[in-house]
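One structure below.
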Amino acid sequence: MTDLSLLAQALDGGDREKTVELTQKALDAGDNAQDIVAQGLQAGMAAVGEKFSSGEYFLPDMLMAARAMKAALEVLAPALEETGIPTIGKVVIGTVEGDMHDIGKNVVATFLSGNGFEVFDLGLNVSAQKFIDEVKEKKPDILGMSALLTTTMPLMGKVIKALEEMGLRSSVKVVVGGAPVTQDYADYIGADGYAHDGGRAVPVCRELVGK
Ligand code: B1M
């Protein structure tokens, strides 16, 4: 197994070329794609977040790391999506309005489609109305919402309320996640499921569709 801490360091340093190179090397060495995400890329991003919080890093540092991570995820996508599993459920997913963080949501979407779900990714900055419209149109088994900011988290609760008001709540299971989201918060807003990370999102969604 490759030393994935080197990958974490490259991402932390915002070095896109090195991040992509080390991701490819780890894949070639036979490392599991989900481990590469968790122990390499996500570990690096966690370090970036801590340094941003402490004032050591600024917005451009976060942006460089985000670009490096996106490029590495493109390298990993075929391995993450490799599956022979037939479709086990439909998911509509997006990052809530006002929130421009989509890396984690993309990881979750990739993990889900790699594990047999048909995924409709609405992207980021998705309004409550858009979520509702897509639930009406696509009739998914699961609606997934991601929020990375404490200021955007409440939109998830608003969507759940709107689903209730429109008589749509019982037609869809709602799963929420994102760094500031907790199981307690998910319970508080009336979500059906919460996942701490992309790997966990898979069993949570499988359970909700009874598979
Ligand atoms: Co932002 N940012 N950011 N940022 N950023 C955070 C979130 C922050 C915690 C950094 C910090 O202060 N330590 C902080 C939020 C503080 C708070 O709300 N309390 C913050 C801030 C303040 C901001 C700005 C306000 C900064 C500014 O402008 N002054 C600004 C806001 C912009 C906006 O959204 N309106 C901003 C901007 C940005 C960038 C654009 C530069 C960039 C995002 C680029 C992009 O996504 N395209 C960015 C980044 C990269 C981060 C950090 C460093 C990393 C986020 C990330 O991609 N992590 C982040 C610090 C941190 O989280 N430690 C930070 C890797 C990713 C794989 O993990 O997203 O947690 P994560 O996803 C995980 C799980 O959470 C879970 O599974 C995923 C995969 O395992 N998950 C789900 C996520 N969604 C799920 C949905 C599910 C289930 C699980 O079900 C549906």
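The values are calculated or read from the model by the stated rules, or taken from the named source; none is laboratory data. This one's a predicted model, so the numbers in the text were calculated from it and none came from an experiment. No Cβ is skipped: glycine too gets one built from the backbone with ideal geometry, and neighbour counts run over all protein chains shown. Accessible surface areas use protein heavy atoms only, side chains included; no ligands, DNA or RNA. Shrake-Rupley method; radii C 1.70, N 1.55, O 1.52, S 1.80 Å.
Structure summary
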| read-out | value |
| --- | --- |
| Cβ pairs under 7 Å, 6+ apart, first in segment 96-117 and assigned by TED's automatic domain parsing to the domain that holds Gly193 and part of a loop (DSSP other than H, G, I, E, B), second more than 9 Å from the ligand (Cβ to nearest atom) and open to solvent by 30 Å² or more (accessible area, probe 1.4 Å) | Glu97/Ser127; Asn115/Thr83; Asn115/Ile85; Gly116/Thr83; Gly116/Ile85; Gly116/Pro86; Gly116/Thr87 |
| Residue within segment 187-197 that is under 14 Å from the mean Cα position of the chain (by Cα) and either closer than 15 Å to His101 by Cα or free of Cβ contacts under 8 Å to residues at least 12 places away in the same chain (or both) present | yes |
| Filtered residues of segment 26-83 (kept if surrounded by 13 or more Cβ atoms within 10 Å (Cβ to Cβ) and not in a helix (DSSP H, G or I)) | Asp31, Asn32, Tyr57 |
| Considering residues of segment 78-114 that are acidic (Asp, Glu) and modelled with pLDDT of 90 or more only, the residue farthest from Ile36 (Cα to Cα) | Glu97 |
| Residue within segment 157-166 that is more than 10 Å from the ligand (Cβ to nearest atom), in a loop (DSSP other than H, G, I, E, B) and out of contact with any strand residue (DSSP E or B) (no Cβ under 7 Å at 6 or more places or on another chain) present | yes |
| Subset of segment 138-156 [outside any strand (DSSP E or B) and closer than 19 Å to Ala179 by Cβ] | Ala147, Leu148, Leu149, Thr150, Thr151, Thr152, Met153, Pro154, Leu155, Met156 |
